[in-house]
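Heads up: the structure comes next, in structure tokens.
The values are calculated or read from the model by the stated rules, or taken from the named source; none is laboratory data. Remember, predicted model here, so these are calculated numbers, not experimental data. When we count neighbours, we look across all protein chains shown, and the Cβ atoms used for this are built from the backbone with ideal geometry, even at glycine.
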């Protein structure tokens, strides 16, 4: 067989192996899923954004910002109780995350829990959340 053909076959096989490794890395990378969630939320595709954030959390349970963004996506979908649960998880992991306090205030407003909403917004401001 022509040596050039053997080289080309080798390159194709190496490319397939590299793609398999890259695919595995991407699918098991919480930052990838979190980034996808942010992009989808920016596009208004909150259901898919929520699923991406959920996937990020399943890969890395302590991903505070994924919990927060998952809660925010659920808020946008009108799933306020579920959103509150995700935001509580974010704040359990990092009680000083001003953005999560702000988002919690938004949820409380929708649930007509005005005193708790104001307390959450005040906490966000005290933590320097610039929202």
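Overview of results
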| item | result |
| --- | --- |
| One residue from 5, 26, 39, 18 being modelled with pLDDT of 95 or more and either in contact with a strand residue (DSSP E or B) (Cβ under 8 Å, 6 or more places away or on another chain) or part of a helix (DSSP H, G or I) (or both) | 39 |
| Residue in segment 58-74 that is farther than 29 Å from residue 126 by Cα and surrounded by fewer than 21 Cβ atoms within 10 Å (Cβ to Cβ) present | yes |
| So residue 27, is it within 15 Å of the chain's Cα centre (by Cα) and within 27 Å of residue 108 (Cβ to Cβ) | no |
| Helices (runs of 4 or more DSSP H) wholly inside segment 48-131 containing at least 3 residues that are farther than 14 Å from residue 38 by Cα and within 15 Å of the chain's Cα centre (by Cα) | 80-93, 98-110 |
